[in-house]
Amino acid sequence: MTTQTIAGRDVTVDEEGFLADPAQWDDEVATAIARDAGIDPMTDRHWQVVRYMRDTYLSTGSAPTIRSLGKASGVPVKELYQLFPKGPAKLAARIAGIPKPRGCI
Amino acid sequence: MAQRIAILGAGTGGTVMANRLRRRFAPDEASITIVDRDDSHLYQPGLLFVPFGLATPDGIVRPRHAQLIDGIDHVQGEIDRVDVEAQDVTLADGTRIGYDVLVVATGAVLLPEETDGLTGPGWKENVFTFYDLEGASALGGALPAFEKGRLVVAVVDQPIKCPVAPLEFAFLADWYFRRNGRRDRIDISYVTPLDAAFTKPVAADALGGLLETKGIELVTEFNTGEVDGRGGRLVSYDEREVGFDLLVVVPVHGGAPYVGRSPGLGDELDFVPADLGTLQSKVKPNVFVVGDAAGLPVSKAGSVAHFEAEVCADNVVRHLTGEPLEDAYDGHANCFVETGHGKALLIDFNLETEPLPGRYPGRFGPLPLLAESRLNHLGKLAFERMYWHALLPGRSIPGITPTLDLAGKRIPAPTTTPTTTPTEEAG
């Protein structure tokens, strides 16, 4: 864990840049993390996924998988890959300020 | 009046629940009805061995009713839906089963049709799964004829039943083709959406190391979007490709279809959300969930269903007698990981503690953890008898507890984690 300054705020992140404390997150932190990952600007579709991801994590304690995202976020899996290249679940989780999604074991 | 307990699914979790609950209540205290669509209880760990001719389909199936003790009503029928408000279950033939407590134990189903092309041309010709009896048998016909080329073992997405089984398949395939003198003409690749061979770091290193030793290529972070059986290609969502001559795939899983037809019962994948510690569903206080049917961040595995059922049965008793539920389950799982050449690993872990090296059960247990041994392989074989004769009847197995026992495990020294140091770049 290290402390980083993102969008002018001191936030605690793990080795891969995931926020340790979701409470340190806001829209500006999200926008800054996204920009750093090459996503600029954050469109409405990006926000739809990021907010769904964050709400799911905060209410259930675990981040949705790509497949759950594709079924429930309103954004199909193919589009998820266009919005968040390479690993949508991981990248969207990082932008959403929640821990890195792990598999189920 | 007797309380009515309805258990949906007579697999590992449902059978253990039924037998444990039957012993806890006299017949005039509670009736127990268990529903399943057929009377074939499949010993699922045996599926891994069928393609290699090490187990026969007939040898790993027994009648469901024979695993239930006296005094349990066994109803055979397809479940149409559950009405959690009216507290009844409707079967496809119109039969209605009212309940005071419902236990959902209907497991997970394979959904190969959810992946583009998977059930298209090539399905059951050069594209197989060993995750059901029919698929494992069909693959058993294809392996002896596979002379040369690239065998790809691919996991499409989590969650899957027995997350180590596809690794075991790759290890056994390596052994099988070596034994038949064909290994030098056959490449084996293991394709996973995870970023390593396994999720937890210590086990991922051990299992990844085994893949390397056995000359099995590891392809990570590959999210299969399409299977092209005719062209022999797996295509990922980010447009990477892996070619194959023979594909063994673990399709995506979902909950039982009736869950989706039952308003308010399941999540988007038809799994039933539950509280991990108590196994009470988040749907209604009188609905409990065990095993693969549960939407919980734990492995979908027989050991989990078994441990959950022990905790859940106690909590159903507490619920019916008006006592507070016990927050007792910790995500404990253990499994033998067959590594080929008559050896196996054993892993034992829960949500907090990843699989670690050591001994099992307890400090002086005979079985080495996270290390290959002949004894673990024999343990895996012996477990089948224990499954039918001790686990399903709901007897306690000496030394095996539903929650994780840290005795015997080598716990790594904690790494120091400075959290208040000045700004640093993350690595």
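Tabulated results
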| item | result |
| --- | --- |
| C-alpha long axis of helix B:374-386 to longest principal axis of chain B, angle in ° | 30 degrees |
| Extension gain from B:R178 to B:M1, taking 0.36 nm per residue of separation minus the Cα-Cα distance | 57.3 nm |
| Electrostatic dipole magnitude of the protein assembly as shown [Cβ: Lys, Arg +1; Asp, Glu -1; Cα centre; debye, to 20] | 1460 debye |
| Cα pair distances exceeding 21 angstrom across region A:2-96, given as percent | 27 percent |
| Coordinate range along principal axes, alpha carbons of the protein assembly as shown, Å, largest first | 67, 59, 51 |
| Top positive-direction residue, dipole computed over the protein assembly as shown with Cβ charges, set B:L345, B:S236, B:P163 | B:L345 |
| 0 to 90° range, to nearest 10: angle between helix B:302-320 axis and chain B longest Cα axis | 20 degrees |
| For region B:159-300, share of DSSP beta bridges that run antiparallel, in % to the nearest 5 | 55 percent |
| Radius, Kirkwood style, for region B:12-122 when every pair of distinct Cα atoms is counted (Å) | 16.5 Å |
| Cβ-based charge dipole, region A:2-96, positive-most Cα from A:G61, A:A7, A:G87 | A:G87 |
| Rounded to 5, the percent of DSSP beta bridges in the protein assembly as shown classed as antiparallel | 50 percent |
| Convex hull volume of chain B per residue (C-alpha atoms, cubic angstrom) | 164 Å³ |
| Helix-only [θ]222 nm of chain B, DSSP H runs n ≥ 4, -39500 (n - 2.57) each, per residue, nearest 500 | -6500 deg cm²/dmol |
| Point-to-point label distance, A:R45-B:E239, nm (Cα→Cβ direction, 7 Å offset) | 1.5 nm |
| Charge sum, other residues only, whose C-beta stays under 11 Å from B:P393's C-beta, Lys/Arg counted +1 and Asp/Glu -1 | +4 |
| About the Cα centre, charge dipole magnitude for region B:112-252 (Lys/Arg +1, Asp/Glu -1 at Cβ), debye | 700 debye |
| Selected from B:T278, B:T321, B:T33 as most flexible by GNM, with chain B as the system and alpha-carbon contacts under 10 Å | B:T321 |
| Distance (nanometres) between label positions extended 7 Å along Cα→Cβ at B:R230 and A:D36 | 4.8 nm |
| Cross-link partners of B:K409 among aspartates and glutamates (Cα-Cα below 15 Å; sequence separation of 8 or more within a chain) | B:D348, B:E352, B:E354 |
| Theoretical gain in end-to-end length, B:Q76 to B:R23 [0.36 nm per residue, Cα-Cα removed] | 16.8 nm |
| Computed magnitude of the charge dipole of region B:3-127 (debye, nearest 20; Cβ of K, R +1, Cβ of D, E -1) | 560 debye |
| Shape call, region B:333-391: gyration tensor on alpha carbons, a/c limit 1.5 | oblate |
| Gaussian network model of chain A, Cα within-10 Å springs - most flexible of A:Q48, A:Q82, A:Q24 | A:Q82 |
| Hz values of 3J(HN,Hα) by residue in region B:11-18 - Karplus curve (6.51, -1.76, 1.60), Gly and Pro given as x | x, 4, x, x, 5, 4, 4, 4 |
| Net length gained if the chain between B:L381 and B:D88 were fully extended (0.36 nm per residue, minus Cα distance) | 101.4 nm |
| Region B:112-252 - Debye-derived log10 I(q)/I(0), Cα point model, q = 0.17 Å⁻¹ | -0.89 |
| Sequence-distant residues sharing a close amide H with B:D195 (under 5 Å, placed H) | B:E221 |
| Alpha-carbon spread of region B:272-427, three principal axes, descending order, Å | 51, 50, 25 |
| Computed [θ] at 222 nm, helices only, for chain A once each DSSP H run of length n ≥ 4 contributes -39500 (n - 2.57) | -14000 deg cm²/dmol |
| Farthest positive-ward along region B:318-420 dipole, Cα basis, beta-carbon charges - from B:P402, B:L369, B:G331 | B:L369 |
| Among beta bridges that DSSP assigns inside chain B, antiparallel share in %, nearest 5 | 45 percent |
| Accessible area of region A:11-69 divided out per residue, in Å², using a probe of 1.4 angstrom | 46 Å² |
| Accessible area per residue in Å² at 1.4 Å probe, computed on chain B | 40 Å² |
| Phi to ³J(HN,Hα) by Karplus 6.51 cos²θ - 1.76 cosθ + 1.60 over region B:46-55, Hz, x for Gly, Pro | x, 4, 3, 8, 4, x, 9, x, 8, 8 |
| Spin-label model distance (nm) - B:T403 vs A:Q82, 7 Å beyond Cα toward Cβ | 5.0 nm |
| Using alpha-carbon coordinates, inclination of helix B:133-142 to the longest axis of chain B, degrees | 20 degrees |
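The values are calculated or read from the model by the stated rules, or taken from the named source; none is laboratory data. Please read these numbers as outputs of a predicted model, since none were measured by experiment. Neighbour counts are summed over all protein chains in view; Cβ atoms, including those assigned to glycine, are modelled from backbone coordinates with ideal geometry. To get the accessible areas, we keep the full protein, side chains included, count just its heavy atoms, and leave off ligands, DNA and RNA. Shrake-Rupley method; radii C 1.70, N 1.55, O 1.52, S 1.80 Å.
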